[in-house]
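Read-outs throughout are calculated quantities, based only on the coordinates presented, and are distinct from any laboratory measurement. Everything numeric in this text was worked out from a predicted model, so none of it was measured. Cβ: placed from backbone, ideal geometry, glycine included. Neighbour counts: every protein chain shown.
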């Protein structure tokens, strides 16, 4: 409808988007008051409703020009409202209504510069107050229980405003006007310090905690969406022993961007991510030193991030250190702890805690960049809530795979992601996934579900959860092959409906019962065709081969007729006898593990992806100068022959590694390009955990573009199994049609 100024009625404007918890209503109030308009603004479910008595065109124009930093208008509808005389005099913010549902809240947002200045201003009443925030920053998703976004629907309801905060809240000229999480030292949450027995400790909590860390203590600190285990870098060797994490890299929080450059070499795009209000952990090339090697042993990158909460900002102000290890506080395989009692079970030496409830657990987001694309490893705090257009109607749930789980709710033509959940080996993780899906459905107002999509793997705990949810909700079950879900997620990410996709990872239950992971698919949302793959080889001893990667190298060597010395002859004979009855795999991830072992990089896996991740620096600095021909028969790449050629060739390990992987990728891309041309498809993409490897994604891009097709990679959804739920939803909705 046209916004006319001569209408005999007022104009009712319905705004959808990120319009709650971001200072949107106060901005509406300021614009309308400055124009002398009569009317009101109101939270209505997840939307905002505005009525003005005149000059609606000019009002909307000014509103768009003055949007607060975190607000985002996705749609704006105008219709006739009340007769102007019934609006009353003046413009006001009126009480919220339940109204229409749909996620309309912002992510948790790093401390803004205005609040930072107040934090360190000795004359300000919020001086050194660790919950200082405003409409432009602070916790949102992690503390909001429901919509509309009002204080009583957040964990701040336990802290009634004092008179001074109430005056700021009611003052249209104040940047905390109608700010729902407003508080100060007189009325807000507080921090306290505990020893390892849970007894309260004397002294100011944050300065004392800083002193304890500098003395070498291992601590736990509570943030917005969870807790971190933390210590100084000098304490790192003891942390590794205490936490039983001998080799796995740790994320490091650094004081400022100058400190970032003492540990890593970020490019401009990586620096933008580091400084953004999302404040993710960013994997950047590391500065080579004994310290950085201790942080990420054997890797070419390091995970760094900047302080984002008020407490973290204050903590660094009391430290001489410019960096702290900050890793999610959880029992292995369980979600992050949220309560004091569960935190104490970790056995740390001191605890910096606060008395505000965490409503939504939310791990730090982790990402790396690839050119101008963003490869999310974990899409969580600062990036959730998040949605992506599906172009498919209907309602479905995707429960993901078994590791690196995120769930998804498809509704209204969009897929809405949950935060990062974890690995599905524990009951606690499954409870977390179910509650995260329930929360998203509540915010969206989803009451009926048409389909629940699950992985084909019969042993996945997410599959059991999905079947139960389908039964409870009267929904259909849709089984989705793991790599088809990867391909579908990449198509959603790129806005395409059909493409050739290299789906490369460590494992995924294949339609033939083999553990796939080195596949070439021609895919749309209805179906897929497996047009090529890597050679199958035995996983000697099943899951044991994933950890003792000598078994993978031995298996490939045996298949290719290569003599090895991984095992003494007696053990080798046992391995040979295992081969016929062992499960088989085509996984690129397992091939990379075997190469890592063969070249003496890593023989035993102590954490997920370790052998392949430690191979990446060799791939990045190597040259494809070792002659390793592509061994292709039909649409199968015979990797055992190529593995033998690599092992017997002369050359530096990094050149041998790169030459083999480049040849394997060349074979896969050839198959993909041929299939794409036969099908009339113009794009070849890459998805799966292996595609996080920038050297491999670079090879794929170069090879695809050299043959004149468009290369596609992830940018908005995780490359790994964090994208599976979205792919599942897209396939389920298409099949339901």
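Listed values, structure above:
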quantity: DSSP-defined beta bridges in the chain - what % are antiparallel, rounded to 5; calculated: 75
quantity: Intensity falloff of region 11-93 expressed as log10 I(q)/I(0), Debye formula with alpha-carbon point scatterers, at q = 0.10, 0.15, 0.16, 0.24 Å⁻¹; calculated: -0.19, -0.45, -0.51, -1.23
quantity: Theoretical FRET efficiency, 1/(1+(r/R0)^6), r = Cβ-Cβ of residue 529 and residue 202, R0 60 Å, to 0.05; calculated: 0.30
quantity: Projected-area average for the chain over all orientations - Cα convex hull basis, square nanometres; calculated: 33.7
quantity: Per-pair calculated FRET efficiency, R0 = 45 Å: residue 74 and residue 215 via Cβ, rounded to 0.05; calculated: 0.35
quantity: Virtual spin-label span in nm between residue 603 and residue 543, 7 Å along Cα→Cβ; calculated: 2.4
quantity: Nearest 10 degrees, 0 to 90: helix 588-598 Cα axis against the chain principal axis; calculated: 60
quantity: Length-normalised contact order of region 11-93 in % [C-alpha pairs under 8 Å, at least 6 apart]; calculated: 50
quantity: Region 321-399: relative contact order as a whole-number percent, Cα under 8 Å and 6+ apart; calculated: 18
quantity: Whether region 146-194 is rounded, prolate or oblate, judged on the alpha carbon gyration tensor where a/c under 1.5 counts as rounded; calculated: oblate
quantity: Linear extension gain, residue 192 paired with residue 238, 0.36 nm per residue minus alpha-carbon span; calculated: 14.0 nm
quantity: Residue 287-residue 737 pseudo-label distance in nm [points 7 Å out on the Cα-to-Cβ vector]; calculated: 5.3
quantity: Region 191-361: C-alpha pair distances exceeding 23 Å, %; calculated: 37
quantity: Relative packing of 387-396, 722-731, which averages over residues the other C-beta atoms within 10 Å, highest first; calculated: 722-731, 387-396
quantity: Segment residue 679-residue 581, length gained on full extension (0.36 nm per residue, minus Cα span); calculated: 31.5 nm
quantity: Theoretical gain in end-to-end length, residue 706 to residue 333 [0.36 nm per residue, Cα-Cα removed]; calculated: 130.0 nm
quantity: Calculated FRET efficiency for the pair residue 33/residue 57, C-beta based, R₀ 22 Å, to 0.05; calculated: 0.80
quantity: Simple label model, 7 Å out from Cα along Cβ direction - residue 247 to residue 124, nm; calculated: 4.7
